[in-house]
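The values are calculated or read from the model by the stated rules, or taken from the named source; none is laboratory data. Not measured: the values here are computed from a predicted model. When the accessible area is computed, the model is the full protein with side chains, heavy atoms only, and any ligands, DNA or RNA have been set aside. Shrake-Rupley method; radii C 1.70, N 1.55, O 1.52, S 1.80 Å.
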Amino acid sequence: KSSSSPQYSAVMQLAEEVAEGYLNIGSIEDGTSTVKFEVGADGQIQSVNKVYIEQRDLLERYSILTFYRITQNSSSDSWTKSMNWGQKDVGICDGWFGITCGNVILGSDVKAVKSITLDGNSLEGFLPEELAYLYSLEILHLDDNELQGGVPKSLGQLKALKSIDLSKNKL
């Protein structure tokens, strides 16, 4: 989908509203497919069906924005560097600090998050289950932060994940 199409804009706006906690249930149609989802009281998606490649942007944006919201100090933007994070006019793959993207399928122009590298960036809070929606994630380096809690079991579902570094946290 073109990032300038009305459908794409509506989907991105909906993803941001879900990530910010404004919506709890929804259905998105883009003319070719539908994503239906429900968000529980804990802010995590409880169910998703019919996820197609067209909705990859929606799930990735939701996952990344949820991660951003949960790993900040609630009273301030505590990250050391957060260039373009949460900017509605900047795509995740268009310059968000610490994010690297690549082609989903060789020869296609469909991009997906391949790497999140935010070591020593003053992240706080916990790792959300939503990171499991980053199906193409290969590298997750979040070492030397203030993350706490446990490592979500759902990260084990990331078949593309090759490298993970969560050292020097409170996990």
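Quick one: ranking Phe126, Phe67, Phe97 by accessible area, 1.4 Å probe, largest first, what do you get?
Largest accessible area first, the residues go Phe126, Phe97, Phe67.
So between Cys93 and Lys170, what do we pick up on full extension, going 0.36 nm a residue minus the alpha carbon distance?
Difference between extended and current length: 24.8 nm.
Name the long-range amide H neighbours of Lys114: under 5 Å, sequence gap of 5 or more, or other chain; modelled H, no Pro or chain starts.
Thr100, Cys101, Gly102
Over 28 Å between Cα atoms, which of Lys81/Lys162; Lys111/Lys168; Lys88/Lys168; Lys111/Lys159 qualify?
On the way: Lys81/Lys162 25 Å; Lys111/Lys168 31 Å; Lys88/Lys168 32 Å; Lys111/Lys159 17 Å.
Violating the 28 Å limit, Cα to Cα: Lys111/Lys168; Lys88/Lys168.
Using θ = phi - 60° and the Karplus curve 6.51 cos²θ - 1.76 cosθ + 1.60, what whole-Hz ³J(HN,Hα) does each residue of the range 145-154 get, with Gly and Pro shown as x?
10, 10, 5, 9, x, x, 8, x, 4, 4
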